[in-house]
Each structure stands twice: as C-alpha cells, then as structure tokens.
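**Q** Sharing a structure with you now.
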Amino acid sequence: MKFLTTNFLKCSVKACDISNLNFPLEYDGSKCKLVQNEDIEFQPEFLLNILDRIDWPAILQVAADLGNTSLPSQKPELHTNMDELNEEELVILRDLHTLLLQTSITEGEMRCRNCGHVYYIKNSIPNLLLPPHLA
Amino acid sequence: MTKYLLYMVQMHLNFRRAELESLADLFNIKINLDSYNEHSPFLIVDLDNEEQAKQLIQRSILCKAIYEYWGYGQNYPTLHQNIQNEPNFVQRRDSNKFKSFKFDFESFGGNHKKSLPEKIDTINQFKYLDFQGEIKLKDPQEIFTIIETYSMIDPQTSSNQTDGIYFGRLIQRSDRSSMDLYDLKKRPYKGTTSFESELSLISCNIAQVKPGTIMYDPFAGTGSFLVAGAHFDAFVLGTDIDGRMIRGTGKGSEHNMVDNFRYYKTESHFLDVMTMDFTHNSLRSNLPIDTILCDPPYGIRESIKVLGAKDPERFEGKENVVIDGEKAYLRKDYIPTKKPYSLDSLLDDLLKFASERLPIGGRLAFWMPTANDENVETIIPLHKNLELKYNCVQEFNKWSRRLLVYINRGDKYNGPENHGIKRSQTNFRDRYFTHFTK
C-alpha cells in the first residue's frame with residue numbers, strides 16, 4: 001500500500017463518520033514495514049493534479065506515525081501549470097514522489113482513532129473489512 | 001475545415017458511435033455525425049486540422065485509421081476524376097511532391113487479395129499525382145491508401161469486382177492493436193471474472209478515462225478495468241470484497257494483480273488495490289474520483305455479498321470471543337462473515353456514490369446483464385443527479401449485457417430517479433442457470 005493511499009483511507013465503520021477522528025487512520029510505526037520502490041517513474045503532472053486533493057495535515061500525521069517529522073508544516077504552493085515549474089518546485093515534487101508513490105507499507109497495522117478498530121496490511125494489501133457487530 | 005475519412009470496424013455497432021462521440025467530446029472536437037451510417041465502416045468528417053484528426057482517433061478501438069480524404073469513385077476512372085476535381089487537389093499534390101511515400105491497399109467486404117502486378121498496375125494509374133519523392137516501403141513520410149469495397153452476392157460469397165474506392169493520405173492509425181497486447185490469453189494474472197480486452201478498452205474510452213486522473217473500480221476482481229485504465233494513463237485504484245481475487249489464491253498461480261501492471265509496463269499508474277466492501281467504503285468522502293468504471297457482481301461467477309451476518313443471532317456476542325488473550329475480531333487472521341445483498345440495492349449504492357464523488361461532468365460506467373425475455377422490461381437504474389448518456393447493448397444468445405454510462409450533472413439536474421424500487425423482476429442468476437427457459 002502506497003503512502004499516498006493513507007491519505008485516502010478512513011475507518012470503514014459508518015458510525016465513525018460523525019467523528020473527525022476517523023481520518024487519517026493511526027499507523028503503528030513499530031509494526032509497519034516500509035519499502036522503497038524506485039522503479040516507479042516520476043510523473044510531475046500527476047503529482048500536481050493530486051496535490052490539489054491531498055489533505056496535508058493527514059500527510060504530516062501519518063508521516064509522523066511512521067517516524068518522519070521533517071515535512072514542511074504547510075502544503076507546498078506550486079504553479080499549477082507544468083511549464084511554469086521552476087527548479088526548486090521540481091525538487092519539491094521529486095521529494096513528494098519519493099514519499100507518496102515510491103514508499104509503500106508492505107506489512108503493518110492501522111487503527112481508527114475514534115472506535116479503536118484495527119486494520120491490517122498484509123503483502124502490501126490493506127484489508128478494510130469489518131466484523132458483523134461493526135458492519 | 002478539411003475533409004477526413006474515418007475507417008471504422010464493422011463490429012460492436014452499439015458501442016462504435018458512443019466511442020467516437022466520447023473521444024470527440026474528450027478532446028473538445030466538434031464533429032457532425034449526420035451522415036454516420038451504422039451499416040458503413042466509412043464516415044467523412046470535417047475537422048479543423050490534422051492535429052484534431054490525430055486526437056480523435058489515436059486512442060480509438062473501434063476505428064482503424066483516419067485519412068485525409070482525397071477522393072472516392074465507384075470505379076477507378078471516376079476515382080481519378082474525382083481526386084483531380086477536389087478543390088484543393090493542386091495544392092495537396094504539390095505539398096507532397098518531394099516527400100518519401102508508399103501506397104497501401106485495404107479492402108472491405110471481400111477477401112480479394114491483389115497480386116503484386118495488379119497492385120503495380122493500380123499504382124501506375126496515379127501517375128498524375130506526379131510524386132517525385134523516394135518510394136520507401138519502410139517508414140515513408142507519407143502513406144497513401146487505396147480502400148476498395150466489395151459487396152456480397154450472397155451470404156457466403158462476395159463479388160470479385162470492387163464497387164467503391166476511397167483514396168486518402170494516412171493521418172493516424174487507431175489504438176486497435178492494443179486489444180491484442182491486452183489479450184487475456186497472454187495476461188499473467190487472470191480469473192474467471194476477467195473482462196475481455198477489446199470491450200474493457202472501449203469502456204475506458206466511453207467513460208472518458210483521462211491521463212493523470214484517478215479511475216476507481218469498486219469491484220476490481222482480477223483488475224481488468226484497472227489494467228485498461230492504466231493503459232490510457234489514468235492512475236487506477238481498485239477495491240474488492242474478495243481479497244483472494246486481488247492477491248491470487250496461491251494454489252497453481254504464482255501471479256497477482258501487480259504482475260499484470262509490470263507485464264504491461266504501467267506499474268507507475270497503479271495506485272493500490274484494497275480488500276474492502278464497497279457498501280462500507282473507506283475512501284474518505286471528500287476525495288474526488290474522476291471516473292468510476294466497473295463490472296459489478298451479478299451472482300453468476302461471484303455472488304453479491306456485503307459485510308454483516310446473514311443470521312445475526314448466530315453471531316450475537318461473538319465480539320467478545322477471545323483467542324490467546326486477544327479479541328478474535330482484532331486478530332490478523334480474522335475472516336469476517338458476509339451476507340447476501342440484492343443487485344438493485346448494490347446498483348442504487350453505486351449511483352449514489354458516483355453522484356457524491358465524481359466531479360461535475362465526470363462519468364460512471366458499469367456493465368449490467370439482462371435476460372432477453374420478450375415480455376420483461378429492463379429497467380435501467382437512474383439517479384436524479386446523473387444523466388444516463390449511453391446504454392450500449394451487447395447481445396448474446398439468450399441474454400445480453402449492457403454498458404451503462406452516466407454523467408454527473410450535480411444537484412440542480414433533477415433528472416428522473418428510480419432508486420429503492422425493485423427493478424429486477426427476476427433474479428438474473430436463477431434465469432442464467434435455468435438457461436432462460438422459464
């Protein structure tokens with residue numbers, strides 16, 4: 001599961017939707033195994049497009065869960081047009097690429113900060129299914 | 001405006017026009033389809049320039065190619081006359097005068113193959129074009145194409161006399177060859193629910209899957225639509241309630257879904273695939289999704305199931321079961337129970353989800369099978385925010401399946417709606433397994 005996906009996933013329990021603690025899930029840094037896949041190409045256009053949809057505080061939170069506290073506190077403000085990007089902005093996009101797309105959690109646990117339910121990541125695939133009493 | 005000749009395949013006619021319209025709309029190209037004829041593989045369209053012609057065709061599956069139109073005749077003498085009578089003939093002839101070139105032959109409706117001397121004979125009739133450039137069979141600058149049509153004398157035999165000839169300069173071949181690249185026979189990881197390559201690529205075109213955007217398949221299975229979406233450079237995200245489909249069952253298959261993306265060299269466009277019940281969706285609700293494309297379960301090869309207990313009494317108190325000091329339901333190896341769900345409810349959920357997550361103008365496309373009963377009306381699911389844009393039917397013997405394509409028009413659209421009612425009078429699964437006899 002890519003780091004980017006942590007920015008998409010909330011708790012599956014419907015009752016948690018009324019709480020703002022159901023996103024992002026809390027990642028157990030001691031149990032998460034991270035892998036870097038450098039084969040994934042740098043695609044600045046997509047990153048620009050996705051940056052718009054990213055919830056930056058959630059990125060900071062999950063990065064901190066996993067031991068990375070070096071990210072800027074504000075979402076980077078970049079030119080939205082590819083052609084206007086300067087060197088500095090491309091460096092930022094490259095860093096984001098490394099974090100969001102090249103970093104994966106292959107094994108691990110994530111927990112809802114509202115209801116406490118624990119979800120597992122096995123073989124890079126997160127499992128968001130629920131037991132009947134929570135469904 | 002310049003005239004271009006579209007050469008289409010004479011197949012999947014219910015999808016052909018929808019694909020063409022969707023691609024034109026995707027690239028903001030205005031085309032007039034008044035002379036579109038379902039019975040003909042040819043269509044002459046007026047376009048602003050070559051760039052538009054390329055855009056219109058380059059990702060099409062149901063077109064073969066697009067040509068700059070030079071002329072048409074019912075026989076060769078009239079063809080030559082018409083070519084020379086075209087208003088911009090002289091200018092065209094001169095602008096190609098010193099380019100390297102070759103001639104290509106295509107035929108429609110017959111399997112009449114021209115011998116080499118016949119071909120040379122035919123090419124020599126075009127002497128008036130006065131091309132001075134080098135003839136290059138490999139990588140010429142321009143390819144001039146002669147397309148002959150033949151009609152059928154009876155259902156088995158076609159005439160050996162051509163009854164129409166088009167002539168044009170090749171502008172762009174379509175993406176039709178990709179259906180071989182994605183042929184299921186060669187795919188590393190597949191299953192019984194894998195969707196054939198041709199119609200999965202066509203589905204992406206009609207759904208207007210765009211480069212750099214997010215496409216989601218909530219019933220991903222072995223990932224057929226995800227693979228097709230990644231082919232068109234979308235970033236694809238899939239979920240499925242059945243984790244075995246996603247990771248491969250292990251037994252006899254060493255492959256999984258990611259292997260397909262590696263095989264097609266589109267791994268960079270694969271975001272993730274997750275084990276998730278679509279009706280207990282964990283994608284945060286304010287995440288915009290550009291396109292939704294799927295083939296929901298209909299109970300033939302996979303049953304319709306969602307999270308929850310079929311028999312709640314049996315599961316009462318089970319949340320308190322403890323194994324090795326841990327709550328059983330919080331253990332890594334816990335497998336949750338599932339219960340049957342109705343197709344109508346599932347499709348209602350899908351339409352509602354699409355209306356909430358798609359941007360205005362974004363498309364939802366999904367496949368739905370129906371029995372071909374004469375007296376049973378097929379009721380297409382509708383949502384008040386979604387415009388039903390296409391309903392493309394693929395007929396089989398006793399049943400058919402259709403690609404339903406909706407455009408999100410937002411709250412103000414106020415279209416007809418039919419959720420919450422029982423649309424399917426008969427259970428498709430039951431009808432399928434009784435061979436549609438009752």
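**Q** Do the conditions hold for B:THR192, that is, is it surrounded by fewer than 23 Cβ atoms within 10 Å (Cβ to Cβ) and more than 21 Å from A:PHE46 (Cβ to Cβ)?
**A** yes
**Q** Return yes or no: is A:ALA64 of a type in the set (A, V, I, L, M, F, W, C) and in contact (Cβ under 8 Å) with a residue 40 or more places away in the chain?
**A** In short, no.
**Q** Is one or more of the residues making up region A:28-41 in contact with a strand residue (DSSP E or B) (Cβ under 8 Å, 6 or more places away or on another chain), open to solvent by less than 30 Å² (accessible area, probe 1.4 Å) and within 22 Å of A:ILE121 (Cα to Cα)? Talk me through it step by step, then tell me what you get.
**A** Just the residues of region A:28-41 that are in contact with a strand residue (DSSP E or B) (Cβ under 8 Å, 6 or more places away or on another chain), to begin with: A:28, A:31-37.
Keeping just the survivors that are open to solvent by less than 30 Å² (accessible area, probe 1.4 Å) gives A:32.
The next check asks that each one be within 22 Å of A:ILE121 (Cα to Cα); those that pass are A:32.
Yes; the residues of region A:28-41 include at least one that is in contact with a strand residue (DSSP E or B) (Cβ under 8 Å, 6 or more places away or on another chain), open to solvent by less than 30 Å² (accessible area, probe 1.4 Å) and within 22 Å of A:ILE121 (Cα to Cα).
**Q** When you go through (1) crowded, with 17+ Cβ neighbours inside 10 Å; (2) at the interface with chain B (Cβ under 8 Å from one of its Cβ atoms); (3) under 22 Å from B:GLY238 (Cα atoms) one by one for A:HIS117, which number turns out not to apply?
**A** Of the numbered conditions (1) crowded, with 17+ Cβ neighbours inside 10 Å; (2) at the interface with chain B (Cβ under 8 Å from one of its Cβ atoms); (3) under 22 Å from B:GLY238 (Cα atoms), the odd one out for A:HIS117 is (3).
**Q** Also, I was wondering about something else. Just the residues that are surrounded by fewer than 22 Cβ atoms within 10 Å (Cβ to Cβ) and aliphatic (A, V, I, L, M), please, taken from region B:284-315.
**A** Listed by number, the residues that qualify are B:LEU287, B:ILE300, B:ILE304, B:VAL306, B:ALA309.
**Q** Moving on to the next point. Within region A:65-85, is even one residue at the interface with another protein chain (Cβ under 9 Å from one of its Cβ atoms) and within 29 Å of B:ARG331 (Cβ to Cβ)? Let's see the steps before the verdict.
**A** Here is the first cut: in region A:65-85, the ones at the interface with another protein chain (Cβ under 9 Å from one of its Cβ atoms) are none.
Among the residues of region A:65-85, not one is at the interface with another protein chain (Cβ under 9 Å from one of its Cβ atoms) and within 29 Å of B:ARG331 (Cβ to Cβ), which makes the answer no.
**Q** Going through region B:209-219 one residue at a time, which ones are open to solvent by less than 10 Å² (accessible area, probe 1.4 Å) and in a loop (DSSP other than H, G, I, E, B)?
**A** First, pick out the residues of region B:209-219 that are open to solvent by less than 10 Å² (accessible area, probe 1.4 Å): B:209, B:214-218.
If the condition is that a residue be open to solvent by less than 10 Å² (accessible area, probe 1.4 Å) and in a loop (DSSP other than H, G, I, E, B), then B:VAL209, B:PRO218 are the ones that fit.
Okay, residues lined up against (1) of a type in the set (Phe, Trp, Tyr); (2) more than 20 Å from B:TYR166 (Cα to Cα); (3) in contact (Cβ under 8 Å) with a residue 40 or more places away in the chain; (4) assigned to a helix (DSSP H, G or I):
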site: B:GLU19; (1), (2), (3), (4): no, yes, yes, yes
site: B:LEU23; (1), (2), (3), (4): no, yes, yes, yes
site: B:ILE29; (1), (2), (3), (4): no, yes, no, no
site: B:TYR36; (1), (2), (3), (4): yes, no, no, no
site: B:VAL45; (1), (2), (3), (4): no, no, yes, no
site: B:LYS54; (1), (2), (3), (4): no, no, yes, yes
site: B:ILE61; (1), (2), (3), (4): no, yes, yes, no
site: B:TYR69; (1), (2), (3), (4): yes, no, yes, no
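**Q** Starting from residues that are under 21 Å from B:PHE232 (Cβ atoms) and polar (S, T, N, Q), keep the ones in region B:266-316 and report whichever is nearest to the other protein chains (Cβ to nearest Cβ).
**A** Top of the filtered list is B:SER268.
**Q** Out of the residues in region B:324-371 that are farther than 23 Å from B:ASN286 by Cβ, in a loop (DSSP other than H, G, I, E, B) and of a type in the set (Val, Ile, Thr), state the one that is least open to solvent (accessible area, probe 1.4 Å).
**A** Across region B:324-371, the extreme among qualifying residues is B:THR337.
**Q** For region B:220-240, what are the residues that are surrounded by fewer than 24 Cβ atoms within 10 Å (Cβ to Cβ) and in a loop (DSSP other than H, G, I, E, B)?
**A** Residues satisfying the conditions are B:PHE232, B:ASP233.
**Q** Oh, and also: Can you tell me which residue within region B:1-60, out of those that are among the hydroxyl-bearing types (Ser, Thr, Tyr) and within 15 Å of the chain's Cα centre (by Cα), is nearest to B:ASP233 (Cα to Cα)? It would help to see each step written out before you state the result.
**A** Just the residues of region B:1-60 that are among the hydroxyl-bearing types (Ser, Thr, Tyr), to begin with: B:2, B:4, B:7, B:22, B:35-36, B:40, B:60.
With within 15 Å of the chain's Cα centre (by Cα) added as a condition, the list becomes B:22, B:60.
On the way: B:SER22: 17, B:SER60: 14 Å.
Step by step, filter region B:1-60, then rank; the result is B:SER60.
**Q** Would you mind telling me which numbered condition in (1) facing chain A (nearest Cβ under 8 Å); (2) closer than 13 Å to B:THR222 by Cα; (3) modelled with pLDDT of 90 or more B:ILE246 fails?
**A** Every listed condition holds for B:ILE246 apart from (3).
**Q** With respect to A:GLU45, is the statement that it is within 14 Å of chain B (Cβ to nearest Cβ), open to solvent by 60 Å² or more (accessible area, probe 1.4 Å) and closer than 30 Å to B:ARG247 by Cβ true? Please lay out each step first, then the result.
**A** On the way: within 14 Å of chain B (Cβ to nearest Cβ): yes; open to solvent by 60 Å² or more (accessible area, probe 1.4 Å): yes; closer than 30 Å to B:ARG247 by Cβ: no.
In short, no.
**Q** Condition check: in a helix (DSSP H, G or I) and open to solvent by 40 Å² or more (accessible area, probe 1.4 Å). Does A:ALA15 satisfy that? Full working, then the answer.
**A** Values: in a helix (DSSP H, G or I): yes; open to solvent by 40 Å² or more (accessible area, probe 1.4 Å): yes.
It is true that A:ALA15 is in a helix (DSSP H, G or I) and open to solvent by 40 Å² or more (accessible area, probe 1.4 Å).
**Q** Considering only residues that are over 30 Å from the mean Cα position of the chain (by Cα) and in contact (Cβ under 8 Å) with a residue 12 or more places away in the chain, look in region B:140-164 and name the one that is nearest to B:GLN81 (Cα to Cα).
**A** To start, the set of residues in region B:140-164 that are over 30 Å from the mean Cα position of the chain (by Cα) comprises B:140-141, B:153-154, B:156-164.
Subset that is in contact (Cβ under 8 Å) with a residue 12 or more places away in the chain: B:140-141, B:158-160, B:162-164.
Values: B:PRO140: 26, B:GLN141: 25, B:SER158: 27, B:SER159: 24, B:ASN160: 23, B:THR162: 17, B:ASP163: 16, B:GLY164: 14 Å.
That would be B:GLY164.
**Q** If I ask for residues that are within 23 Å of B:GLU302 (Cβ to Cβ), among the hydroxyl-bearing types (Ser, Thr, Tyr), in contact with a helix residue (DSSP H, G or I) (Cβ under 6 Å, 6 or more places away or on another chain) and at pLDDT 95 or above, which ones from region B:158-209 would you list?
**A** Within region B:158-209, B:TYR182, B:SER197, B:SER200 meet the criteria.
**Q** Regarding region B:87-94, can at least one residue be identified that is surrounded by 14 or more Cβ atoms within 10 Å (Cβ to Cβ), among the charged types (D, E, K, R) and in contact with a helix residue (DSSP H, G or I) (Cβ under 8 Å, 6 or more places away or on another chain)?
**A** Of region B:87-94, the ones surrounded by 14 or more Cβ atoms within 10 Å (Cβ to Cβ) are B:89, B:92-93.
Of the ones still in play, those that are also among the charged types (D, E, K, R) are B:92-93.
If we keep only those that are in contact with a helix residue (DSSP H, G or I) (Cβ under 8 Å, 6 or more places away or on another chain) too, we end up with B:93.
Yes, because at least one residue in region B:87-94 is surrounded by 14 or more Cβ atoms within 10 Å (Cβ to Cβ), among the charged types (D, E, K, R) and in contact with a helix residue (DSSP H, G or I) (Cβ under 8 Å, 6 or more places away or on another chain).
**Q** Within region A:48-74, take every residue that is among the small types (Gly, Ala, Ser) and surrounded by fewer than 15 Cβ atoms within 10 Å (Cβ to Cβ) and give me the one that is farthest from A:PHE3 (Cα to Cα). Break it down into steps so the answer makes sense when it comes.
**A** Taking region A:48-74 first, the residues among the small types (Gly, Ala, Ser) are A:58, A:63-64, A:67, A:70, A:73.
Next, from what is left, pick out any that are surrounded by fewer than 15 Cβ atoms within 10 Å (Cβ to Cβ): A:64, A:67, A:70, A:73.
Values: A:ALA64: 12, A:GLY67: 13, A:SER70: 15, A:SER73: 18 Å.
Checked region A:48-74; the qualifying residue farthest from A:PHE3 (Cα to Cα) is A:SER73.
The values are calculated or read from the model by the stated rules, or taken from the named source; none is laboratory data. Since the model is a prediction, treat every value here as computed from it, not as a measurement. Ideal geometry is used to build each Cβ from the backbone, glycine not excepted, and the neighbour counts take in all protein chains shown. Keep in mind that these areas ignore ligands, DNA and RNA; they rest on the heavy atoms of the full protein, side chains included. Shrake-Rupley method; radii C 1.70, N 1.55, O 1.52, S 1.80 Å.
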